[in-house]
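Please read the structure below before turning to the comments.
The values are calculated or read from the model by the stated rules, or taken from the named source; none is laboratory data. It should be emphasised that the depicted structure is a prediction, and the values quoted were computed from it without experimental measurement. In this analysis, Cβ positions are derived from the backbone assuming ideal geometry, glycine residues included, and neighbour counts consider all displayed protein chains.
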Amino acid sequence: MLGIHIAVGFGLISLNLAAGLLGGIAWFRKQPSIPFWYLLRAAQASVFLQALLGGLVNDRCGLGCLVRPCRRIGHRGMLRYAATSQIG
């Protein structure tokens, strides 16, 4: 799973770089660019996929904690974990 997360990360960087370059060139030339929008949509989808995979890789309880609170730590444990993970 970590390998997939890393591969998607490289794809994410590549797509965003390509979209940025293509959009910058089109903006500089003051020409609309249809391929830019397709690249931008693909880049946004890769960001979503990367965030989803990051949640799966870093999930301590398994896949279920992404959808509902984990039985091992319960609702209060999830709230405590979420609060402390934002601090440090």
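Restricting to the range 1-29, name every residue that is of a type in the set (Gly, Ala, Ser) and farther than 24 Å from Gly55 by Cα.
First, pick out the residues of the range 1-29 that are of a type in the set (Gly, Ala, Ser): 3, 7, 9, 11, 14, 18-20, 23-24, 26.
Once the filter is applied, which keeps residues that are of a type in the set (Gly, Ala, Ser) and farther than 24 Å from Gly55 by Cα, the range 1-29 yields Ala18, Ala19, Gly20, Gly23, Gly24, Ala26.
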> With respect to Ala7, is the statement that it is assigned to a helix (DSSP H, G or I) and without any contact (Cβ under 8 Å) to a residue 12 or more places away in the chain true?
Replying inline: yes
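Taking the condition surrounded by 14 or more Cβ atoms within 10 Å (Cβ to Cβ) and modelled with pLDDT under 85, does Ile87 pass? Before you say what the answer is, go through the steps one by one.
Details: surrounded by 14 or more Cβ atoms within 10 Å (Cβ to Cβ): no; modelled with pLDDT under 85: yes.
Criteria not met by Ile87.
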>> I'd like the full set of residues that are surrounded by fewer than 17 Cβ atoms within 10 Å (Cβ to Cβ), within 18 Å of Ile6 (Cβ to Cβ) and among the hydrophobic types (A, V, I, L, M, F, W, C), limited to the range 29-54.
In response: Ala45, Val47, Phe48, Leu49, Ala51, Leu52
